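The values are calculated or read from the model by the stated rules, or taken from the named source; none is laboratory data. Everything quoted here is computed from the prediction, not taken from an experiment. Neighbour counts run over all protein chains shown; Cβ positions are idealised from the backbone, glycine included.
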């Protein structure tokens with residue numbers, strides 16, 4: 001059900017962006033920049049002993065205006081995710097993420113956005129240094145939603161990412177774990193120029 005709703009949202013976003021492009025003169029250049037920020041991550045419904053883990057993300061983004069109020073923003077970023085565990089060590093999952101956002105401006109500075117995100121698991125280990133690899137999925141598909149505010153020299157974004165695929169095929173003898181990433185991100189983006 002979640003996947004169907006997400007796919008409907010993605011196709012709706014593509015439809016609105018393409019119709020907006022046909023009704024207005026698109027901007028011919030891409031703006032690009034760097035983004036860095038704070039992560040708070042967890043695994044959905046895995047265990048009552050799981051806690052939120054604080055970490056960071058950093059990467060690049062590009063943005064292209066399609067109309068006065070709609071733009072697209074692809075990106076590439078490193079994100080340290082995972083979870084804390086009560087009376088135990090953290091689980092740290094490091095991903096390379098590729099989001100594709102549809103942004104809708106509610107005036108000159110405030111925007112809301114949503115879109116899909118593909119993730120590749122670079123490494124995974126516990127806080128004590130033990131590497132985790134067996135039983136983990138290399139690829140993750142998630143959905144993003146959030147809002148942003150554009151200042152003159154930088155922008156702020158608050159995002160929520162929810163994994164639609166499981167981060168693990170099995171874990172500690174559990175063949176069907178509910179092990180989906182949940183990540184709350186607060187970031188600062190700095191535009192660096194045009195492409």
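Any idea which residue in the range 94-118 is farthest from the chain's Cα centre (by Cα), counting only those that are farther than 15 Å from residue 162 by Cα and buried (at least 21 other Cβ atoms within 10 Å of the Cβ)?
Residues of the range 94-118 farther than 15 Å from residue 162 by Cα: 94, 96, 102-112.
If we keep only those that are buried (at least 21 other Cβ atoms within 10 Å of the Cβ) as well, we get 102-103, 111.
Values: 102: 13, 103: 14, 111: 16 Å.
Only one residue tops the list, namely 111.
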Review point. If you check residue 182 against the conditions, is it closer than 23 Å to residue 31 by Cα and either crowded, with 16+ Cβ neighbours inside 10 Å or modelled with pLDDT of 90 or more (or both)?
Key: no
Practice item. Test each condition in (1) part of a strand (DSSP E or B); (2) at pLDDT below 95; (3) touching a helix residue (DSSP H, G or I) at 6+ places or on another chain (Cβ under 8 Å) for residue 114 and report the one that comes out false. Key: (2)
**Study point:** Among (1) free of Cβ contacts under 8 Å to residues at least 24 places away in the same chain; (2) in contact with a helix residue (DSSP H, G or I) (Cβ under 8 Å, 6 or more places away or on another chain), the one test that residue 107 misses
**Key:** (2)
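Residues checked against (1) in contact with a strand residue (DSSP E or B) (Cβ under 7 Å, 6 or more places away or on another chain); (2) modelled with pLDDT of 95 or more:
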residue: 6; (1), (2): yes, no
residue: 25; (1), (2): no, no
residue: 44; (1), (2): yes, no
residue: 55; (1), (2): yes, no
residue: 58; (1), (2): yes, yes
residue: 68; (1), (2): no, no
residue: 73; (1), (2): yes, yes
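Do you know which of the residues in the range 119-137 that are within 23 Å of residue 159 (Cβ to Cβ) and exposed (fewer than 15 other Cβ atoms within 10 Å of the Cβ) is modelled with the lowest pLDDT?
Here is the first cut: in the range 119-137, the ones within 23 Å of residue 159 (Cβ to Cβ) are 119-124, 137.
Filter again for exposed (fewer than 15 other Cβ atoms within 10 Å of the Cβ), leaving 120, 122-123.
Details: 120: 95, 122: 93, 123: 88.
Ranking the qualifying residues of the range 119-137, first place goes to 123.
Based on what the data block shows, is residue 37 at pLDDT 90 or above, in contact with a helix residue (DSSP H, G or I) (Cβ under 8 Å, 6 or more places away or on another chain) and under 22 Å from residue 189 (Cβ atoms)?
Values: at pLDDT 90 or above: yes; in contact with a helix residue (DSSP H, G or I) (Cβ under 8 Å, 6 or more places away or on another chain): no; under 22 Å from residue 189 (Cβ atoms): yes.
So residue 37 does not fit the description; no.
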Practice item. Mind telling me which of the residues 148, 163 ends up being in contact (Cβ under 8 Å) with a residue 60 or more places away in the chain, under 16 Å from the mean Cα position of the chain (by Cα) and crowded, with 19+ Cβ neighbours inside 10 Å? Key: 163
